[in-house]
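Notes to accompany the following structure.
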Amino acid sequence: MKKSLLAAALLVALGLAAPVTRAERARKPVRIILDTDIGPDVDDAGAVAVLHALADRKEARLVAVGCCTSSEWGAPCLDALNTYYGRPDTPVGTFKGAGFLADPREHEKYNREVAARFPHALKTGRNAPDAAALYRRVLSRQPDRSVVFCAVGPLNNLHRLLQSGPDEHSKLDGVSLVARKAALLSVMGGRYPEGREWNFEQDPAAAAFVMQHWPTPVLLSGFEIGARVLTGGRLHSEAPADHPVRAAYSLYIGPGKDRESWDLTAVLAAVRGASSHWIPSAAGTVSVDPGSGANRWTPAASGRHTYLIERDPPERVKKLLEDLMVHPPQRKGTNR
């Protein structure tokens, strides 16, 4: 038996990792592009931890990550997290527009500190490529209809991707490239069947455009889904002191405290599907007011949009997510 298998078996025996089922082993890893506003809230860091744990379990494969704010510390923070989890070669991009969610008093409560304290190569977001351009490059190299986008922040990067034109990587425009290469978009945004939520409100025009023009099925994890699932407290007691996600939660809410799991649920649904822990709604269409960000879901048999409805009790989802959050990294190196 290989050393990696022995190590994995030991982690399971010690209760430090959940066993991988036969069905999980049989599935191909889901290719994920994660787009996040990492910094304004800490559940983004939790979502990255969950995604890397799922990658260690061979359920997911990170093909790119991007920051959708103007903060110069978002991309380095993501690079530090990827490096900690043994995937330092994961491409990282960032939003290149100025002044979007970059006030350090409100939106840099942990990302700058994590970038400063933990090893990584990308020292500033100024050195990161434009996220939409990066997504085009990465998409062009993937098999058709293979990539799942997971967006856990405002949708400005995806807006720019859809509006992009042909380039050296692909002769297709943005909508056509996404239609060819992507299989699903999982979004943390909105309230369902109608309401208002922070991510859509920050760039309502982008949210409206993406909901109207995204060419694949869209799965939405609304505010109400993550609000009842509180996670993060176990990081302080079970993760090592040099764990960047533990540091992020401690900096944002204090050691041992929980935070709502809005972004974590969207990541989990992106990888495992809507029916894994929730009830998927009937097909329909989500419309977003381009001025306010208010959203409304309208049932339609031909609609491409579904949203998550609570099925598993919040405490069950909490345990599952925290088991993934405290999962020790395999540190196998790159994910290529």
Single residue of segment 192-206 satisfying the filter (assigned to a helix (DSSP H, G or I) and not acidic (Asp, Glu)) that is nearest to ALA283 (Cα to Cα): PHE200
Are any of the residues in segment 74-83 touching a residue at least 24 places away in the same chain (Cβ under 8 Å), within 18 Å of VAL271 (Cα to Cα), surrounded by fewer than 20 Cβ atoms within 10 Å (Cβ to Cβ) and within 17 Å of the chain's Cα centre (by Cα)? no
Among the residues of segment 93-131, which ones are among the aliphatic types (A, V, I, L, M) and either touching a residue at least 40 places away in the same chain (Cβ under 8 Å) or part of a loop (DSSP other than H, G, I, E, B) (or both)? ALA98, LEU101, ALA102, VAL114, ALA115, ALA121, LEU122, ALA128, ALA131
Filter result for the condition that a residue is at pLDDT 95 or above, touching a helix residue (DSSP H, G or I) at 6+ places or on another chain (Cβ under 8 Å), of a type in the set (Val, Ile, Thr) and closer than 22 Å to LEU185 by Cβ, over VAL317, VAL245: VAL317
Please go through segment 101-128 and give me each residue that is surrounded by fewer than 18 Cβ atoms within 10 Å (Cβ to Cβ) and more than 18 Å from ALA241 (Cα to Cα), ordered by number. ASP103, PRO104, ARG105, GLU106, LYS109, ALA121, LYS123, THR124, ARG126, ASN127
When segment 190-226 is examined, which residues are found to be charged (D, E, K, R) and open to solvent by 50 Å² or more (accessible area, probe 1.4 Å)? ARG191, GLU194, ARG196, GLU201, GLU224
Of the residues in segment 279-329, those that are in a loop (DSSP other than H, G, I, E, B) and open to solvent by 50 Å² or more (accessible area, probe 1.4 Å) come to ALA282, ASP289, PRO290, GLY291, ALA301, SER302, ARG304, ARG311, PRO313
(1) of a type in the set (Asp, Glu); (2) touching an Asp or Glu at 6+ places or on another chain (Cβ under 9 Å); (3) within 27 Å of ASN111 (Cβ to Cβ) all hold for GLU310 apart from (3)
List the pairs whose first member sits in segment 248-259 and is on the phi > 0 side of the Ramachandran plot, whose second member is surrounded by fewer than 20 Cβ atoms within 10 Å (Cβ to Cβ) and among the hydroxyl-bearing types (Ser, Thr, Tyr), and whose Cβ atoms are under 7 Å apart, counting only residues at least 6 apart or on separate chains? GLY256/SER237
Mind counting the residues in segment 240-275 that are under 24 Å from GLU197 (Cα atoms) and assigned to a loop (DSSP other than H, G, I, E, B)? 6
Any residue that is more than 18 Å from PHE100 (Cβ to Cβ), open to solvent by 20 Å² or more (accessible area, probe 1.4 Å), among the basic types (Lys, Arg) and assigned to a helix (DSSP H, G or I) - is there at least one of those in segment 176-189? yes
Any residue in segment 37-48 that is open to solvent by less than 10 Å² (accessible area, probe 1.4 Å) sitting within a Cβ distance under 7 Å of a residue that is acidic (Asp, Glu) and not in a helix (DSSP H, G or I)? List the pairs, counting only those 6 or more apart or interchain. GLY39/GLU108; ASP43/GLU260; ASP44/ASP37
Just one of (1) open to solvent by 30 Å² or more (accessible area, probe 1.4 Å); (2) assigned to a loop (DSSP other than H, G, I, E, B); (3) touching a helix residue (DSSP H, G or I) at 6+ places or on another chain (Cβ under 9 Å) trips up PRO154, so point out which. (1)
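The values are calculated or read from the model by the stated rules, or taken from the named source; none is laboratory data. Small disclaimer: the values here were computed from a predicted structure and weren't measured. So basically every Cβ, Gly included, is an ideal-geometry build from the backbone, and we count neighbours across all protein chains shown. Accessible surface areas use protein heavy atoms only, side chains included; no ligands, DNA or RNA. Shrake-Rupley method; radii C 1.70, N 1.55, O 1.52, S 1.80 Å.
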